[in-house]
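For reference, the structure discussed in these notes is given below.
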Amino acid sequence: ATPTALLVGTGRGAQLGILIKGPEVLESTRRVDVVVLDKTGTVTTGAMALAETVVATGVDRAELLRLAGALESASEHPVARAITAGAAAEVGALPSPSSFVNVAGHGVRGEVEGRSVVVGRPGLVGDGPADELRDDALAAAWREAASQGRTAVVVGWDGAARGVLVVADEVKPTSAAAVRELRDLGLRPVLLTGDARAVAERVAAEVGIDPADVLADVLPEDKVAAVRRLQDEGHAVAMVGDGVNDAAALAQADLGLAMGTGTDVAIEASDLTLVRGDLRAAADAVRLARRTLGTIR
Ligand code: ADP
Ligand code: MG
């Protein structure tokens, strides 16, 4: 394509709410055949809310919310923000944690009011997932959340699981249409997430992604490997993400697309920014690249 055509293409992109880093990006956009979609904040709104609080036998609900909410106030994760806001709404002012460690892709750990508190995926407390969810009420809450496609996390302190918090996130109203458009353009959509398989499969079903194309329980550092594996199979891979956790995978992909509503780190690692955070703009970008390059060659 001529430089003029490429400039016109990038200018047209800006009108569509697609910021393109450089004219050469249009070429990789045209070539992609697999599009990897991060779940939280990309396919879903990422605006999570605390939907349910379930405590183990003998645990005080207000204490559980105070400790979990306090610990999560130190984290920026969407799950953490939902828990802190929900806890504060119910129990009022929260103490500050005296120490805090973020365990990427798993949860948080720290000291609140002299207790060692954890909030996150099963496995952070006690001797592993099975051990943690031994309490009947917690196990039932866990199963029910998964069947509804909701994210559940375990709250524990001093070595035992004390409760389960369920946070609800919603699929963006435009995500299903976006997946359909991407498929119509000949791209294969893949869902990639650190969340549990049952949750991921529910979201996939809602937007029309094949269960075989759901990559769940993927730790942040393994998201890059997931992209590389698809590339090794001969695919030109686009990755769409919004989080700090997605940055390395966005950089590894043949084409990185960041949600404009996402973190600066994700935007910096990407070739293209979807300003409005609407996944349909990913399909617009592919159409634009094909039109811009197709008419000139
Ligand atoms: P995603 O890939 O969907 O953006 P992440 O990799 O950020 O998700 O997190 C994966 C999972 O780890 C979350 O679904 C949640 O269960 C758990 N998790 C991560 N951070 C936190 C936190 N601050 N508090 C509780 N749970 C967390
Ligand atoms: Mg995300």
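Structure above, values below:
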| quantity | calculated |
| --- | --- |
| Whole-number accessible area per residue in Å² for the chain, which is evaluated in the context of all protein chains at 1.4 Å | 43 Å² |
| Ranked packing of 166-175, 227-236, most packed first, by mean Cβ within 10 Å | 166-175, 227-236 |
| Crossing angle, helix 78-91 versus the chain [Cα axis fit, 0-90 degrees, rounded to tens] | 40 degrees |
| For the stretch 8-130, the fraction of alpha-carbon pairs in successive 5 Å shells from zero, as % | 2, 10, 14, 17, 15, 9, 6, 7, 8, 7, 4, 1, 0, 0 |
| Length added when fully stretched, residue 160-residue 180, from 0.36 nm per residue minus Cα-Cα | 2.7 nm |
| With every protein chain in place, the chain: carbon and sulfur % of accessible area (1.4 Å) | 51 percent |
| Descending Cα extents along the principal axes, the stretch 149-297, whole Å | 66, 30, 27 |
| Pairwise label distance in nanometres, residue 170 with residue 103, each label 7 Å out on the Cα-Cβ vector | 3.3 nm |
| Local electrostatic count at residue 261 - Lys and Arg +1, Asp and Glu -1, tallied over other residues with Cβ under 11 Å | 0 |
| Principal semi-axes in Å for the stretch 67-125 [√(5λ), Cα gyration tensor, largest first] | 17, 13, 9 |
| Cut-off under 5 Å, modelled amide H: who pairs with residue 162 long-range | 155, 156, 157 |
| Under Karplus coefficients 6.51, -1.76 and 1.60, residue-wise ³J(HN,Hα) of the stretch 188-193 in Hz, glycine/proline x | 9, x, 10, 9, 10, 7 |
| Principal axis dimensions, the stretch 217-285 - Cα atoms, whole angstrom, descending | 31, 23, 20 |
| Helix axis angle, 280-296 relative to the chain longest principal axis, alpha carbon, degrees | 20 degrees |
| Inter-probe distance in nm under a simple model that places probes 7 Å from Cα toward Cβ, at residue 205 and residue 219 | 3.0 nm |
| For the stretch 85-219, convex hull volume per residue from C-alpha positions, Å³ | 126 Å³ |
| Using θ = phi - 60° and Karplus 6.51 cos²θ - 1.76 cosθ + 1.60, couplings along the stretch 175-181 (whole Hz; Gly, Pro as x) | 5, 5, 5, 5, 4, 4, 4 |
| Anchor residue 21: aspartates and glutamates whose Cα lies under 15 Å away (excluding residues fewer than 8 positions away in-chain) | 254, 264, 268, 271 |
| For residue 52, distant residues with modelled amide H under 5 Å away | 166 |
| Value of D in µm² per second that Stokes-Einstein yields for the chain, Kirkwood Rh from Cα pairs, at 20 °C (1.002 mPa s) | 107 µm²/s |
| Folded to 0 to 90 degrees: helix 136-147 orientation relative to the chain principal axis, Cα | 10 degrees |
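The values are calculated or read from the model by the stated rules, or taken from the named source; none is laboratory data. Given the structure is predicted, the values throughout are model-derived calculations rather than measurements. Note: ideal-geometry Cβ built from the backbone for every residue, glycine included; neighbour counts use all protein chains shown. For the accessible areas, the whole protein counts, side chains as well, though only heavy atoms, and no ligand, DNA or RNA atoms are used. Shrake-Rupley method; radii C 1.70, N 1.55, O 1.52, S 1.80 Å.
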